[in-house]
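S.K.: For reference, the structure I am asking about is given below.
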């Protein structure tokens, strides 16, 4: 059995990365490995974090060791943390990479670790080229990637982006595993009752942090063009100025069709929002992969997505949902088309396809890349 360290966000930090890291850690533990998470004592300085708080109100996960030690802006801390991990001498470090800002801290830590001539380093690259570009992105990403031995991506786009920087080191693309830690699915009636929503209306759900690239404004502009009587439930915190979105709602006279639950959705409520939807919509302008997609597979909820990034690959048209162009008219047509078809058309495919999205597939890939698993995976 291997000794493993996951380098990335975890409780009390909140969000999809923390949820992912904790679930991955539990998977390794269930397979008999030792696994610890090294998380951040300071993840983002305030100017880089647009939300209300970086911290979760949920209880800490049980049976996982989380060490909140990394300070993303303190070089002395990077050296100290790297030396600590070098002495700990794990067989494998799995490091998350999602933002070039983290490149200097993580790259420096990993360079210290590699001095032990033992630990293998595999990066899960959620993004290589960021959605929102800043000065220094290319330099920071190059610095980080040079400290890794191998890579896992969860979309073809990220794999292509990775190969623009690194052509020779091993890299494997794996489907984003299903988030199965938010509870079992509940009926649409039960979910809506808990959220005080009508059971008689058609409700489409936009779920997740609200940022420009996710295209909520395109969806708001599409709603007046939708012929089917629907309501849009926006479930997630604004990560940028909310005023332009609220202005669009007023401008188009659609306030009665909008349900604003624009706060951070804690883990205990995620299930209700996905299960309450007739369909979940991702009107992204650009995308790599989305954590919302595996959520929908797990809860067997059809999706409407735009044809950007890996979304149309992960949500094949007329199978897991509908694919449209990232423009209001096309989004509106897709919404009408979905309700004319009905959800029952999509459920059998979702039920069958979700079997491919296993955590075991990911752990075996990571171990194989680190040279710790030699049989077929």
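S.K.: Determine whether region 120-130 contains at least one residue that is surrounded by fewer than 21 Cβ atoms within 10 Å (Cβ to Cβ) and over 22 Å from residue 154 (Cα atoms).
M.R.: No: zero hits.
S.K.: Regarding residue 335, is this residue farther than 19 Å from residue 292 by Cα and either assigned by TED's automatic domain parsing to the domain that holds residue 286 or under 22 Å from the mean Cα position of the chain (by Cα) (or both)?
M.R.: Details: farther than 19 Å from residue 292 by Cα: no; either assigned by TED's automatic domain parsing to the domain that holds residue 286 or under 22 Å from the mean Cα position of the chain (by Cα) (or both): yes.
The answer is no for residue 335.
Conditions (1) part of a helix (DSSP H, G or I); (2) without any contact (Cβ under 8 Å) to a residue 40 or more places away in the chain, marked per residue:
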{"position": "329", "(1), (2)": "yes, no"}
{"position": "334", "(1), (2)": "yes, yes"}
{"position": "353", "(1), (2)": "yes, no"}
{"position": "360", "(1), (2)": "yes, no"}
{"position": "366", "(1), (2)": "yes, no"}
{"position": "371", "(1), (2)": "no, no"}
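S.K.: Out of curiosity, is residue 283 surrounded by fewer than 21 Cβ atoms within 10 Å (Cβ to Cβ) and farther than 19 Å from residue 185 by Cβ?
M.R.: In short, no.
S.K.: With respect to residue 277, is the statement that it is assigned to a loop (DSSP other than H, G, I, E, B), modelled with pLDDT under 95 and crowded, with 19+ Cβ neighbours inside 10 Å true? Break it down stepwise before answering.
M.R.: On the way: assigned to a loop (DSSP other than H, G, I, E, B): yes; modelled with pLDDT under 95: no; crowded, with 19+ Cβ neighbours inside 10 Å: yes.
Taking the combined requirement at face value, the residue does not satisfy it.
Table: residues versus (1) farther than 17 Å from residue 332 by Cα; (2) within 18 Å of the chain's Cα centre (by Cα); (3) touching a residue at least 60 places away in the same chain (Cβ under 8 Å).
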site	(1), (2), (3)
246	yes, no, no
252	no, no, no
258	no, no, no
271	yes, yes, yes
291	yes, yes, yes
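S.K.: Can you tell me which condition residue 165 does not meet? The list is (1) loosely packed, with under 15 Cβ neighbours inside 10 Å; (2) farther than 23 Å from residue 28 by Cα, and all the others hold.
M.R.: Only one criterion is unmet by residue 165, namely (1).
S.K.: Looking for whichever is surrounded by fewer than 20 Cβ atoms within 10 Å (Cβ to Cβ), within 20 Å of residue 250 (Cα to Cα) and touching a residue at least 24 places away in the same chain (Cβ under 8 Å) here; the options are 202, 225. Which one fits?
M.R.: Of the residues listed, the single one that is surrounded by fewer than 20 Cβ atoms within 10 Å (Cβ to Cβ), within 20 Å of residue 250 (Cα to Cα) and touching a residue at least 24 places away in the same chain (Cβ under 8 Å) is 225.
S.K.: OK, next. Strands (runs of 3 or more DSSP E) wholly in region 32-128 with at least 1 residues that are modelled with pLDDT under 95, in the same structural domain as residue 140 (by TED's automatic domain parsing) and at negative phi - which ones?
M.R.: Because the criterion is at least 1 residues that are modelled with pLDDT under 95, in the same structural domain as residue 140 (by TED's automatic domain parsing) and at negative phi, the strands (runs of 3 or more DSSP E) in region 32-128 that meet it are 34-42.
S.K.: Restricting region 1-23 to residues that are in a helix (DSSP H, G or I) and touching a helix residue (DSSP H, G or I) at 6+ places or on another chain (Cβ under 8 Å), which is modelled with the highest pLDDT?
M.R.: The residue in question is 23.
S.K.: In region 129-167, what residues are closer than 21 Å to residue 113 by Cβ and assigned to a loop (DSSP other than H, G, I, E, B)?
M.R.: Of everything in region 129-167, those that are closer than 21 Å to residue 113 by Cβ and assigned to a loop (DSSP other than H, G, I, E, B) turn out to be 146, 147, 148, 149, 166.
S.K.: Suppose we filter region 168-196 for residues that are over 20 Å from the mean Cα position of the chain (by Cα) and surrounded by fewer than 19 Cβ atoms within 10 Å (Cβ to Cβ); how many remain? Please lay out each step first, then the result.
M.R.: Of the residues in region 168-196, the ones over 20 Å from the mean Cα position of the chain (by Cα) are 168-170, 186-196.
Narrowing further to those that are surrounded by fewer than 19 Cβ atoms within 10 Å (Cβ to Cβ): 168-170, 186-190, 193-196.
Adding up the residues that qualify gives 12.
S.K.: Which of (1) farther than 24 Å from residue 313 by Cα; (2) buried (at least 21 other Cβ atoms within 10 Å of the Cβ) does residue 155 not meet, given it meets every other one?
M.R.: All conditions pass for residue 155, except number (1).
S.K.: Which condition number in (1) in contact with a helix residue (DSSP H, G or I) (Cβ under 7 Å, 6 or more places away or on another chain); (2) farther than 24 Å from residue 191 by Cα is the one that residue 306 fails?
M.R.: All conditions are met except number (1).
S.K.: Checking residue 135 against (1) at pLDDT below 95; (2) under 20 Å from the mean Cα position of the chain (by Cα), only one condition comes out false. Which one?
M.R.: Checking residue 135 against (1) at pLDDT below 95; (2) under 20 Å from the mean Cα position of the chain (by Cα), the one that fails is (2).
The values are calculated or read from the model by the stated rules, or taken from the named source; none is laboratory data. Remember, predicted model here, so these are calculated numbers, not experimental data. Using ideal geometry, Cβ is built from the backbone for each residue, glycine included, and neighbour counts are taken over all protein chains shown.
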